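The values are calculated or read from the model by the stated rules, or taken from the named source; none is laboratory data. Given the structure is predicted, the values throughout are model-derived calculations rather than measurements. With ideal geometry, Cβ positions are generated from the backbone for all residues, glycine too; neighbour counts draw on all protein chains shown. Surface areas here come from the heavy atoms of the whole protein model, side chains and all, with no ligands, DNA or RNA. Shrake-Rupley method; radii C 1.70, N 1.55, O 1.52, S 1.80 Å.
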Amino acid sequence: MHDSTVILDPTDEREPIQRPLAARSAALGGPLGIVDISKPRGDVFCDELERLMAERLPGLEIVRLRKPTFTKPAPPDLRAEVAERCRVVIQALAD
């Protein structure tokens, strides 16, 4: 087994645009926030993200957060909590 990452672009591009990856540090430092935007089955997706991150980076602190609804932007108090508690954030959705 080899370690590789495949990133899929969900946009409907008939001819995919080549995009360089954003610069990343050599190591992921936490705390890592996983923000569920409250779409159906988002919790299932976030659970799997958390499991994979904990498996690959066992010492990483993971903070789970959830928007009250996916139909509106995150409220100011949630944005403040994310900024205060997390160094890195994954905002996740599902359906």
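Run the accessible area of the chain with a 1.4 Å probe and give the carbon-and-sulfur part as a rounded percent. Don't skip to the end; give the middle numbers.
Numbers: 4250 of 7640 Å².
Solvent-exposed carbon and sulfur of the chain make up 56 percent of the total.
Mind ranking 87-93, 51-57 by how tightly packed they are, going by the mean number of other C-beta atoms within 10 angstrom, highest first?
Values: 87-93: 14.9, 51-57: 12.0.
My ranking of the peptides, most packed first, is 87-93, 51-57.
Helix-only estimate, please: 222 nm mean residue ellipticity of the chain, summing -39500 (n - 2.57) across DSSP H runs of length 4 or more and dividing by its residues, to the nearest 500. Can you show the working numbers first?
Values: 2 runs with 25 residues, N = 95.
Calculated from helices alone, the mean residue ellipticity at 222 nm is -8500 deg cm²/dmol.
For segment 1-85, with every protein chain kept in place, what is the accessible area per residue (1.4 Å probe, Å²)?
Details: 6910 Å² over 85 residues.
Ligands and nucleic acids excluded, the figure is 81 Å² per residue.
For segment 14-19, take each phi angle, set θ = phi - 60°, evaluate the Karplus expression 6.51 cos²θ - 1.76 cosθ + 1.60, and give the result in whole Hz per residue in order, putting x for glycine and proline.
Whole-Hz 3J(HN,Hα) from phi for segment 14-19: 5, 10, x, 8, 6, 10.
Taking each pair of different alpha-carbon atoms in the chain once, compute 1/r for the pair, average those values, and report the inverse of that mean as the Kirkwood hydrodynamic radius in Å to one decimal. Numbers along the way, then the final one.
Working: mean 1/r = 0.0657 Å⁻¹.
Result for the chain, one decimal place: 15.2 Å.
Packing-wise, with mean Cβ within 10 Å as the measure, how do 33-46, 71-84, 16-29 rank, highest first? Before the final figure, lay out each step's value.
Numbers: 33-46: 17.1, 71-84: 11.5, 16-29: 6.9.
Going by the mean number of other Cβ atoms within 10 Å, highest first, we get 33-46, 71-84, 16-29.
Using modelled amide H (1.01 Å from N, peptide plane; none on Pro or chain starts), what sits under 5 Å from the amide H of Val63, excluding residues fewer than 5 places away?
For Val63, the qualifying residues are Leu32, Gly33, Ile34.
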